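Q: Submitted below is the structure of interest, expressed as structure tokens.
What follows draws every value from the coordinates through simple rules; no lab data is involved. Because the structure is a prediction, the values reported are computed rather than measured. All Cβ positions, even for glycine, are placed from backbone atoms using ideal geometry, and neighbour counts span all protein chains on display.
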Amino acid sequence: MKVSGFTFIKNAVQFDYPVVEAIRSILPLCDEMIVAVGDCDDATRELIASIGSDKIRIIDTVWNPELREGGAVLADETNKAFHAITGNSDWCFYIQGDEVLHEKYHDVVRKGMEQWKDYPEVDGLLFKYRHFYGSFDYVATSSRWYRNEIRIIRNNSAIYSYRDAQGFRKGNDEKLKVKTINATIYHYGWVRPPKTMMDKKRNFGNYWGGDRVTEEFIKENSGNFDYSEIDALEKFTDTHPQVMCERVARMNWQFDYDLSYNNLTLKDHFKNFMEKWTGIRPFDYKNYILLK
């Protein structure tokens, strides 16, 4: 079985992406790792090269300025990395620059890939998600945070990154058919120093808002990000991946949250109730078809 990892990144240093940790977290499972490095304003390329693994192959890309709407450029960059994968790989492991796989799941993921490798009807493998928010001590719990997504796909040229690169489709906009594996991706996209978080939010407005990003938008999104504007969190009591330990230890800002407070909608309360009592979470968006 051959496995290729792939990701894309731009300005990781400027916006404090844990992309080195992301890559290192899946590297033990991969025979090669394709990293599409965009036209950066910082030392991102040198950062990726500093990982020092002969598995890593950097491809230099230029982000298309015409794709400044709905995050389409992110899917475009994902596809550039995907298309650079070696043709004889069985599986392709996608990881974004703020996602990390805990090492405790390595064996589970490897077994899942081996189990379904020779079943062509299985397009990909579905992971659970844990979204950290504000600090490394809290995770988001409302339904606006996606709970599952595809991160391993078959090496099939009919598959492509979908919309803003959160998931995948194939052929004529078909959802992928997937199997679940009991592994969780840790998403750290909302854990940064408050000033850096606001800089990142303002910058990414360019990739979702297109020409609607005005001087007024830029002015309104200056200063420090206010992490207190969140509907519901819970305390994280488990361990972080080993590759994240240094980053967690050097956190230099304070964020505390009153766990007795939440601003969940009635719909969220109903979803939580149904999930607790039936194990099924109704009405959640699913960008895949789950195989029995």
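Q: At 1.306 mPa s and 10 °C, plugging the Kirkwood radius over alpha-carbon pairs of the range 1-154 into Stokes-Einstein gives what diffusion coefficient in µm²/s?
A: Once the numbers are plugged in, D ends up at 97 µm²/s.
Q: Can you tell me the order of 83-96, 2-15, 123-136 when each peptide is scored by its average per-residue count of other Cβ atoms within 10 angstrom, highest first?
A: Packing order, densest peptide first, comes out as 2-15, 123-136, 83-96.
Q: Next up: Let me check against my output: what whole-number percent is the relative contact order of the chain, with C-alpha pairs under 8 Å and at least 6 apart?
A: Computed value for the chain: 21 percent relative contact order.
Q: Could I ask something else about it? Sorted by average packing, counted as other Cβ atoms within 10 angstrom per residue and highest first, what order do 26-37, 189-200 take?
A: Top to bottom by mean Cβ count within 10 Å: 26-37, 189-200.
Q: What does the chain give for Rg and for Dmax, in Å, if only its C-alpha atoms count?
A: Cα radius of gyration and Dmax of the chain are 18.9, 54 Å respectively.
Q: May I pose another question? For every helix of n ≥ 4 consecutive DSSP H residues, a contribution of -39,500 (n - 2.57) applies; sum these over the chain, divide by its total residues, and give [θ] at 222 nm rounded to the nearest 500 deg cm²/dmol.
A: -7500 deg cm²/dmol
Q: While we're looking at this one, here's another question. Within 10 Å, count the other beta carbons around each residue, average over each peptide in 64-77, 97-110, and list them highest first.
A: So the peptides 64-77, 97-110, ranked by packing, come out 97-110, 64-77.
Q: How high is the relative contact order of the range 85-229, in percent, with contacts defined as C-alpha pairs under 8 Å that are six or more residues apart?
A: 29 percent
Q: Considering only the chain, what is the antiparallel percent among its DSSP beta bridges, to the nearest 5?
A: Just about 45 percent of them are antiparallel.
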